[in-house]
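A short reminder: the numbers here are calculations on the coordinates, not readings from a lab. For clarity, every value in this text was computed on a predicted model and none was experimentally measured. Quick reminder, even Gly has a Cβ in these numbers, built from the backbone with ideal geometry, and neighbours come from all protein chains shown.
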């Protein structure tokens, strides 16, 4: 549910969105800014996080000056901050560390910026699982049981304590925390569907169009 207009939300939960990278397989395009189902993917992810209760949004990557306005248009007044890893494009582990420097909330969502079908219900399931198990965190697993490190929820303090890791893999960094694995029904569009290639983008757009047509048909049927 959207926060009332003019109200800043509590700061117990943040979202850290990795929105950098070079998008080589997309010809260097601004991948998070690609529109699926009528809105940029980074906006879809931000709206999902805000809907799940995040009062702070930290975007690691190029500045997104319109993002706060997009959230406000949905009824969410969220503190949006941008930063970048050094050097830019260095990878997800440096990006995570750069973003953590701005996070003050005790819990955070760690998210990719190219998940156009991620919804607040999926993130609430992650938060409930992590808090209920008193674990360091929780992450989505897809329909094949594969971990989705960039669709996860964590205790911020446990992430900031990971200072000795020298590798470049998020799985290598986060795996020892043994997060709770969360499965969700994919419904009509799986929340873990990301867009790394032109083929991925085309498939996501087709799925988004199909879902919109189904909703329109359902609305007509119920009138």
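Order these by the 10 Å Cβ neighbour count, fewest first: 41, 139. Working shown, then result.
Working: 41 26, 139 22.
With the fewest neighbours first, 41, 139 line up as 139, 41.
If you fit an axis through the alpha-carbon atoms of helix 41-51 and take the longest principal axis of the Cα set of the chain, what angle between them do you get, 0 to 90°, nearest 10?
In the chain, helix 41-51 runs at an angle near 80 degrees to the longest axis.
Rounding to the nearest 10 and keeping the result within 0 to 90°, find how far the Cα-based axis of helix 120-132 lies from the longest principal axis of the chain.
30 degrees
Modelling each spin label as a point 7 Å along the Cα-to-Cβ direction, I'd like the residue 181/residue 134 distance in nm, to one decimal.
Spacing of the two 7 Å Cα→Cβ label points: 2.4 nm.
Starting from the Cα of residue 101, step 7 Å along the direction of its Cβ; do the same at residue 146; then give the gap between the two resulting points in nm.
In this crude label model, residue 101 to residue 146 measures out at 3.2 nm.
Counting DSSP beta bridges with both partners in the stretch 71-223, what percentage is antiparallel, nearest 5?
Numbers: 10 of 13 bridges.
Around 75 percent antiparallel, to the nearest 5.
Roughly speaking, what is the stretch gain from residue 211 to residue 24, that is 0.36 nm per residue apart minus the C-alpha to C-alpha distance, in nm to one decimal?
Going from the current span to full extension adds 64.4 nm.
What relative contact order, as a whole-number percentage, does the stretch 13-222 give when Cα pairs under 8 Å and 6 or more residues apart are counted?
It rounds to 24 percent for the stretch 13-222.
Would you compute, from DSSP H runs of 4+ residues alone, the mean residue ellipticity of the chain at 222 nm, taking -39500 (n - 2.57) per run and dividing by the full residue count, rounded to the nearest 500?
Values: 7 runs with 75 residues, N = 223.
Result for the chain: -10000 deg cm²/dmol, rounded to the nearest 500.
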